[in-house]
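Trainee: Could you have a look at this structure, given as structure tokens, before my questions?
The values are calculated or read from the model by the stated rules, or taken from the named source; none is laboratory data. Just so it is clear, the structure is predicted and the values come from calculations on it, not from any experiment. Note that each Cβ is placed from the backbone with ideal geometry, even for glycine, and that neighbours are counted across all protein chains shown.
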Amino acid sequence: MSSLRDNNTWELVQLPPHRKAIGSKWIFKRKADEDGNLVRYKARLVAQGFSQKFGTDYDLVFAPVVKQITFRTMLVLASRRKMLTKHVDIKTAYLHGVLKEEIFMRQPPGYESGKPNEVCLLRRSIYGLKQAARVWNTKIDEVLKTMGFIQSTADPCLYIRKKANKFLFVLVYVDDVIVICNTEEEFAKVIHVLKLNFTISTMGNLKFFLGIRIRLDDGRYCIDQQAYLERVLERFGMRDAKPSKYPMDPGFLKRKEEIGTRLDSPIAYQSLIGALLYAAVTSRPDISIATAILGRRAQNPSEMDWNEAMRVLRYLKGTLNNVLYLGGSEQKLECFVDADWAGDERDRKSNSGFVFKFGGGIIGWGCHKQKCVALSSTEAEYVSLAECLQEVKWILKLMADVGEQLIGPVLVNEDNQSCIALTKGDRADRKAKHIDTKFNFVKDMVRDGIVQLQYCPTEHMQADLLTKPLQAVKLRQHREAIGIKPFSVEEEC
């Protein structure tokens, strides 16, 4: 409540005729550190924004956050350029945003004003309002730009400042801010301006961010979510479960579901899939395809689906000490792209998978079901290749923004010889004319020298683990190739 008063968040007024006041409630939360230990309790007042009316109480609501691939790429750049990575937390961030709309809120529970018939006219943004994130994002954007930062054209939550060929970077994820700088003096200057505008807490060197632990091992950053995954295991009663060697049975998609085995309620299943998805997109690409397949069944899951989701947890139980090693010193961008043709027997759509490496280590990955049914393995691979190159164009834009000069074209590894041959033709083959736009997009990237396709034998195709469930030996081979392995040193740097 003191933060609300200090920021002059509201003033008490009489509610005007024909206006309704929204409600509010208190939210209580326990905060843990990077090892999962309880460090403090938090109480937060949130507005019941679900009762706001569009056009009266709010208009635009979208607010960006820094992308995970941007975060990982910037860690690679920081290690290559020997830059410092600092973490800053902005206290009660949303309360710093100034509202343009006139919003009335009933006095919060426990607030003694002596004026019970009056309501709060909000002057500042407050958690729970539909536009709260956007108002806050606008505020911090203004502050950073007054310091000389410009937004990246690739990621609006990456801010860049260049002076005398030296870069300074700021990454923003709501109230978590990462400053990547060359010296402590540079960091101090940034902190000075932030303190003039916000109440902040400097967390020192970056060690923990959005549930992700960050460590250095021989000059390379590695990330993991061990504490987060332990909480997920505890929550679903799998802390002492027997580990599994793989996250999904390789024959899962070929199983026939038994009649009458649907779960009574999908809520627990959906909650588990949501928890797994966060790990899959953040630090554990080895569970991505299993989580994606199970996520497609979240609307009406069966007992078979639930048991397979438990297998993912058992796999994580056995690999909790694994971390994801990011890139090193190599100055090149490399991709692996693959497809599992007609792998899902229910609709015969193919799965696409791709891995992006910078500096010799992974920075991004993706897997999803293709929107159309591919009529051949070549077509499935070509569709996946086109999707991969769309992401490559974005990554190249990011690299240009941060002043990274890559050596040579982007090397794209593909295990389908017919697909590679198709990129060298002058026009689409008659059997592929229905994907003509994708054909021309890929052909232009190859012709312009932006990418160079290279044949990669299937046994070395690292994206294979993102297209279908694999047996334990092959899974481990690809997992280690993309950088998932146990942390190799005892002490953190």
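Trainee: Restricting to segment 151-184, give me the number of residues that are under 16 Å from LEU210 (Cβ atoms) and of a type in the set (Ser, Thr, Tyr).
Mentor: Count: 1.
Trainee: Would you call ALA154 more than 30 Å from LEU216 (Cβ to Cβ) and under 19 Å from the mean Cα position of the chain (by Cα)?
Mentor: It is false that ALA154 is more than 30 Å from LEU216 (Cβ to Cβ) and under 19 Å from the mean Cα position of the chain (by Cα).
Trainee: Which condition does ASN37 not pass, out of (1) among the polar types (S, T, N, Q); (2) exposed (fewer than 10 other Cβ atoms within 10 Å of the Cβ); (3) under 23 Å from GLN131 (Cβ atoms), if it passes all the others?
Mentor: Result: ASN37 fails condition (3) only.
Trainee: In segment 61-114, how many are more than 17 Å from ASP141 (Cα to Cα) and under 25 Å from the mean Cα position of the chain (by Cα)?
Mentor: Number satisfying all stated conditions: 20.
For every residue, the table says whether it meets (1) modelled with pLDDT of 95 or more; (2) exposed (fewer than 14 other Cβ atoms within 10 Å of the Cβ); (3) not in a loop (DSSP other than H, G, I, E, B).
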{"site": "VAL179", "(1), (2), (3)": "yes, no, yes"}
{"site": "GLU186", "(1), (2), (3)": "yes, no, yes"}
{"site": "LEU194", "(1), (2), (3)": "yes, no, yes"}
{"site": "LEU229", "(1), (2), (3)": "yes, no, yes"}
{"site": "GLY237", "(1), (2), (3)": "yes, yes, no"}
{"site": "PRO243", "(1), (2), (3)": "yes, yes, no"}
{"site": "PRO247", "(1), (2), (3)": "yes, no, no"}
{"site": "LYS256", "(1), (2), (3)": "no, yes, no"}
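Trainee: In segment 374-408, how many are in a loop (DSSP other than H, G, I, E, B) and either without any contact (Cβ under 8 Å) to a residue 60 or more places away in the chain or crowded, with 19+ Cβ neighbours inside 10 Å (or both)?
Mentor: Count: 5.
Trainee: How many residues does segment 78-129 contain that are out of contact with any helix residue (DSSP H, G or I) (no Cβ under 6 Å at 6 or more places or on another chain) and of a type in the set (Phe, Trp, Tyr)?
Mentor: Residues flagged as out of contact with any helix residue (DSSP H, G or I) (no Cβ under 6 Å at 6 or more places or on another chain) and of a type in the set (Phe, Trp, Tyr) within segment 78-129 amount to 2.
Trainee: Could you list all residues from segment 174-199 that are aromatic (Phe, Trp, Tyr) and closer than 18 Å to ALA78 by Cα?
Mentor: PHE187
Trainee: Show the residue pairs that are 6+ apart or on different chains and have beta-carbon atoms under 9 Å apart, the first residue being within segment 336-355 and farther than 28 Å from VAL410 by Cα and assigned to a loop (DSSP other than H, G, I, E, B), the second being of a type in the set (Asp, Glu) and modelled with pLDDT under 85.
Mentor: Close Cβ pairs (under 9 Å, with a partner that is of a type in the set (Asp, Glu) and modelled with pLDDT under 85) do not exist here.
Trainee: Another question about this same structure. Which residues, counting only those in segment 263-319, are over 24 Å from ALA342 (Cα atoms), not in a helix (DSSP H, G or I) and not basic (Lys, Arg)?
Mentor: LEU263, ASP264, SER265, PRO266, SER283, THR319
Trainee: Does segment 326-341 contain at least one residue that is of a type in the set (Phe, Trp, Tyr), within 22 Å of the chain's Cα centre (by Cα) and over 30 Å from ILE407 (Cα atoms)?
Mentor: No, that holds for no residue.
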